[in-house]
Amino acid sequence: MLQSINQKLQNLPSDKKQFFSLGAATAIVKALAAFFAFLLTLVVSRYSNTTTSGQFFYLFNLVSLVAIIAQLGFNISLVKFNAIAFKNQNRHEQSNNYRIALARSLLFCVAVCSLLYLAFTTFPEQLNTTQASNFSLALAIIAIPLLVIGQTNSRVLQASRKVITSLIALQLGVSFLMVALIIFAKDVYPISTDVLMVLFLVATTVVAIHSTLKWLRSGEYQHGSTKHNPELTYSANQVWVGSIFTNLVQWGSLVIAGFFISTSDLGLLAAAQRTSLLIGFVLVTINFVVAPMFASLYKEGKMDRLRNLSRLACRANIGAAILPVIICVLFPEFIMQLFGKEFIAAAPLLLALSLGQLINVATGSVGFLLLMSGHEKTMKYITIVSGVISIALLILLSNGYGVLGAAWAMAIGLAIQNLAALYFVKRHLGFFPVG
């Protein structure tokens, strides 16, 4: 039987063999990343209270949002352009693209961080809704450029098919280190927001240094002068505007909701949101593998193989997501009580957010299909429109229905974006990736 399976794998087209080989490694590491992200939420909730949890995840989401926005869209465009350069064995172009992206992102990041700190200290009552200390806020802002470095390194490593080191830089490294540091620190210090932010800064520093060394020693980086790449910059500009709205919905929702709900409710929403992401991690895993392959296949004009690969990815998404969806939808109280008895109240929030993630997974890799096939402008308009609708819903429903309204607004916003992207994949590429 094993010999028969091996023979079938050998007879697969090269892109499908690559999907399964890279997919297996990515799935293992991504599963670990999802586990430690969930464990981080669990550990913070267990060793603190809902107020501390709300403050920490408010700052965590704020930092994540600003770090992604500060990358100016290069976090997506680097994958596309460096994947093509990697396939053409062009180390010079990969390195040049990396230097352009990192320099521009860090320059913009420093300016944004300075303005952010100034705004929070000048208008504390209006902006610092969770009443986190200035010390915690300062540590959070210092961590932003470190996250930018780590995530930029992750994207160039992803494009060159170094999936394990890429995933460590993107997500696993920070979550793993945070869990380990909290478990160690809990016996020495009371777990306050200040302590959590110190540990977060340590984790982001280690990951930034480690990922930089891995990229520089990868064999794909080449020192040299930096030359302007107008195609890369144009693509990044198109992606960036849409990225702002996409990440406002994903990471900024918690920040926006903080203006309308209590800090303890924010802690409940954060726990439910991060738990629901266990469903979405399947899609993120598949996207991580197929995004560079989408770019290469589209560039080569192999539309049949692009369609088949996207459908294969969609089937893999649905198959892998069925079990976590069933658990989160049918047993939300059981899941949320793992965080502590006070988190059982977040069960309806988990149910709503899980349904949104189900639509996200079921529509497949529609966003990356558009982005990797030169339709960045279309994706930009999709994310702007769906983002505006999502933010409007978040404000209205949070104001009217509290934390449950916020959860449903986040779920509906995610569904709108993915269904719109599904329609435009059919319109521009001529096929549905679902099937």
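Computed over the alpha-carbon pairs of the chain, the distance histogram in 10 Å steps reads 5, 21, 33, 27, 11, 2, 0 percent, short to long.
Which whole-number percent is the relative contact order of the chain (Cα, under 8 Å, 6+ apart)?
Value for the chain: 22 percent.
Look at the dipole of the chain built from charges on Cβ: of Leu266, Asn317, Pro190, the Cα furthest out on the positive end belongs to Asn317.
What share of Cα pairs, in percent, lie more than 18 angstrom apart in the range 80-190? Across the range 80-190, Cα pairs with separations above 18 Å total 64 percent.
Charges were assigned to the Cβ only: +1 to each Lys and Arg, -1 to each Asp and Glu. The resulting dipole of the chain about its Cα centre is roughly 1580 debye. Overall size of the range 278-435 from C-alpha positions, given as principal axis extents largest first: 55, 32, 20 Å.
By the Cα gyration tensor, the range 232-342 has an equivalent ellipsoid whose semi-axes, rounded to whole angstrom, run 34, 22, 8 from largest to smallest. Peptides 67-77, 119-129, ordered by how many other C-beta atoms sit within 10 Å of their residues on average, highest first, read 67-77, 119-129.
Pairs with C-alpha atoms separated by more than 30 Å, drawn from the list Lys30/Lys87; Lys30/Lys214; Lys227/Lys377; Lys30/Lys380; Lys162/Lys341, are Lys162/Lys341.
When Rg and the Kirkwood Rh are both derived from Cα coordinates, the Rg/Rh ratio for the range 143-264 amounts to 1.05.
Taken together, the values in this text are just the output of simple stated rules run on the coordinates, not laboratory data. Quantities reported herein were computed from a predicted structural model and do not represent experimental measurements. Cβ: placed from backbone, ideal geometry, glycine included. Neighbour counts: every protein chain shown.
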